[in-house]
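> Attaching a single structure in structure tokens format; questions to follow.
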Amino acid sequence: MTTIRRGDTAIEVITADITTLEVDAVVNAANQQLKGGGGVDGAIHRAAGKARLQEACRTIGGCPTGEARITEGFDLPARSIVHAVGPRWKDGTKGEDDLLAGAYRHSFTLAAEHGVRSIAFPAISTGIYGFPKERAATIAVLQCLAAADSGKFERIVLCCFSSEDAEIHASALTREATS
Ligand code: ADP
């Protein structure tokens, strides 16, 4: 685990299953339909309780790429789920970087509006959506540093699913925090 402190905020990189974390909100790498798919999305839907989460998502209707929506956490230890829609990677010239940054930024804004003080993110878009990992990690940590500077969060967790991903995020975090 790597932790840096920025003002009153701790930013952590850990390797874990995000559905187990005791934080105010976990972020889901959702699709535009908020339907529940594979990867972390499927894991969150299963752990939160499929029927109730699907109904909450159906009521919201959907979410454009680069934005986020919030639901209750249902059976998760987390009180809330922020459903962030990251972009599918095409070739890097289709606005992917801005859309990914937007997914993180909207997640933080929405979370802060709901009184969330601790929040955990998966590596949005880097699985099925194919975003290059180092590039996505840099975007993620820059948004985390900006959110830490807002003073609205006590704890921001970048929750990786492999130690390789954790190393990529930890080195991006250390580099960007000191640059
Ligand atoms: P996307 O469609 O946005 O690419 P994925 O779910 O395919 O989303 O992958 C996003 C990241 O989430 C990947 O790094 C993947 O390894 C990771 N992941 C998958 N399951 C979990 C989980 N239970 N907890 C944390 N991260 C997970």
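The values are calculated or read from the model by the stated rules, or taken from the named source; none is laboratory data. These numbers come from a predicted model, not from an experiment. Every residue, glycine as well, gets a Cβ built from its backbone with ideal geometry; the counts of neighbours run over all protein chains shown. To get the accessible areas, we keep the full protein, side chains included, count just its heavy atoms, and leave off ligands, DNA and RNA. Shrake-Rupley method; radii C 1.70, N 1.55, O 1.52, S 1.80 Å.
> Per residue, how much accessible area does the chain have with a 1.4 Å probe, in Å²?
For the chain, the solvent-accessible area averages 45 Å² per residue.
> Quote to one decimal, in nm, the extra length available between ASP17 and THR3 on full extension: 0.36 nm per residue of separation minus the C-alpha distance between them.
Value of the extension gain: 3.2 nm.
> Relative contact order for the chain: what is it in percent, counting Cα pairs under 8 Å that are at least 6 residues apart? The partial results should precede the final answer.
Working: 376 pairs, mean separation 53.1, N = 179.
Relative contact order, the chain: 30 percent.
> Give me the one-decimal nm value for the distance between modelled label points at GLN54 and GLN32, 7 Å along each residue's Cα-to-Cβ direction.
2.2 nm
> Also, I was wondering about something else. Identify, among PRO122, GLY102, SER150, the residue whose Cα sits farthest towards the positive end of the charge dipole of the chain, taking +1 on the Cβ of Lys and Arg and -1 on the Cβ of Asp and Glu, with the dipole about the Cα centre.
Farthest towards the positive pole: GLY102.
> Please turn the phi angles of the range 23-31 into ³J(HN,Hα) values with the Karplus equation 6.51 cos²θ - 1.76 cosθ + 1.60 (θ = phi - 60°), one per residue in order, whole Hz, x for glycine and proline.
Karplus-based 3J(HN,Hα) across the range 23-31 equals 10, 5, 9, 10, 9, 9, 7, 8, 9 Hz.
> Quick check: the distance between the Cα centres of the range 21-81 and the range 101-179, to the nearest angstrom?
17 Å
> May I pose another question? Can you list the residues, at least 5 places off or on another chain, whose amide H is less than 5 Å from the amide H of THR2, using H built in the peptide plane?
Here the answer is VAL13, since their amide H atoms fall under 5 Å of that of THR2.
> At ARG175 and THR93, where each label point lies 7 Å from the Cα along Cα→Cβ, what is the point-to-point distance in nanometres?
2.4 nm
> Sequence gap at least 6, Cα distance under 8 Å: using those rules, report the relative contact order of the range 76-136 to the nearest whole percent.
39 percent
> First compute the accessible area of the chain with a 1.4 Å probe, then give the percent of it belonging to carbon and sulfur atoms.
C and S fraction of accessible area: 49 percent.
> Cut-off 17 Å, label point 7 angstrom out along Cα-to-Cβ of SER163: give me the residues of the range 1-31 whose amide nitrogen falls inside.
1-3, 13-17
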